[in-house]
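Notes to accompany the following structure.
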Amino acid sequence: MTSSKPRVLATRHFPPDVEARLAASFDAKLNPEDKLYDGPALAKASEGFAGIMCAAGDPLNADTIARLPASVKMIATFSVGYEHVDVAAAAKRGIIVSNTPDVLTDATADIALLCLLGAARRAHEGTTMLRTHNWVGWEPTQLMGTHVTGKRLGILGMGRIGQAVADRARAFRMTIHYSNRSRLPADLEKGATFHANPDDMLPHCDFLSINAPMTAATRKWVNAERIGKLPKGAIVVNTARGGVVDDEALIAALKSGRLAAAGIDVFDGEPKIHQGYYDLVNAFLLPHMGSATVETRNAMGFKALDNLEAFLLSGKTPPDLVKAS
Ligand code: DGY
């Protein structure tokens, strides 16, 4: 029997409660094996579907969008970042795009602090020493890291997540510097120092946290020249997008000791990350898990569904419409 509900294709296996609502609201095709689609396969699989619920890393570039069947009217990404969707190409084809802002702010800011502390306090070396049975016991000079309390934290990108990172860092009595497209009002700035030019912020960063989206302007923004402007022994934290960092430059600075450490949750080309990271004991590395809590992943899924339901069931503008810049 054919269903009268709009058809939605799920490109990934989403959390069970999210898939249950997806299947209740729509005539949904799920992906229980979480098989990854390449662009042509995704375009082919979308035949007859009005909506695509996708996720970070899905290849919804201009080429795939050009191949999508005319049935596709909306792409709802289960992510706040949407650099994997060519929004301008979608707009040209009359396909609307939505994302999931707000709901992953706290979880991602938590992971930024985990990365910051993990890098500063040599967590990778400590856990490795313990788990490889090489811990000989407490020693006065063992695994001495970088003190966090009272240090300066520079935040590149002071949107929701950047602000949540700042709030957490204030609990460590860190002094906050930030750079953002526009200066925040005083109630959101909370005494942080604004740098209109992000390069001017770098000499003030004992720690640099990347919280800016991946755009043409931020691609490989953290390069050798900018690393050279950071104080010697600074620590770089990236929980935004791997492409904002020039891996070669960061790895060289971590090897030479120009930077003391890095805490990284996101990588250019992930999951095939630059091989150089694997050999660095001063890199605290996580596999893109900023939003990975049950509560957050459910909230992301429900937000993606709010958007799909608004447009495909009620004919309304989705609350989290993404506009081509
Ligand atoms: C996002 O939503 O952009 C995250 O990176 C996925 O966790």
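The values are calculated or read from the model by the stated rules, or taken from the named source; none is laboratory data. All values derive from a computational prediction rather than experimental measurement. Positions of Cβ are generated from backbone atoms using ideal geometry, with glycine treated the same way; all protein chains shown enter the neighbour counts. Remember, those area values only see protein heavy atoms, side chains included, never the ligands or the DNA or RNA. Shrake-Rupley method; radii C 1.70, N 1.55, O 1.52, S 1.80 Å.
A few points about this structure:
- Checking the stated criteria, A107 turns out not to satisfy the condition of being under 13 Å from the mean Cα position of the chain (by Cα) and in a loop (DSSP other than H, G, I, E, B).
- A120 being of a type outside the set (D, E), within 30 Å of L143 (Cβ to Cβ), open to solvent by less than 10 Å² (accessible area, probe 1.4 Å) and within 16 Å of the ligand (Cβ to nearest atom): no
- Residue match in region 252-266 (condition: in contact with an Asp or Glu (Cβ under 9 Å, 6 or more places away or on another chain), within 27 Å of H177 (Cβ to Cβ) and surrounded by 15 or more Cβ atoms within 10 Å (Cβ to Cβ)): no
- Region 67-82, residues that are closer than 16 Å to Y37 by Cβ and surrounded by fewer than 17 Cβ atoms within 10 Å (Cβ to Cβ): R67, P69
- Strands (runs of 3 or more DSSP E) contained entirely in region 8-104, each with at least 2 residues that are within 26 Å of T239 (Cα to Cα) and not acidic (D, E): 51-54, 74-77, 96-98
- The set of residues in region 83-98 being within 12 Å of the ligand (Cβ to nearest atom) and surrounded by fewer than 23 Cβ atoms within 10 Å (Cβ to Cβ) consists of E83, H84.
- Filter pass, A164 being among the small types (G, A, S), assigned to a helix (DSSP H, G or I) and under 20 Å from P203 (Cα atoms): no
- Of all residues making up region 298-317, the number that are buried (at least 20 other Cβ atoms within 10 Å of the Cβ), within 16 Å of the ligand (Cβ to nearest atom) and of a type outside the set (G, A, S): 4
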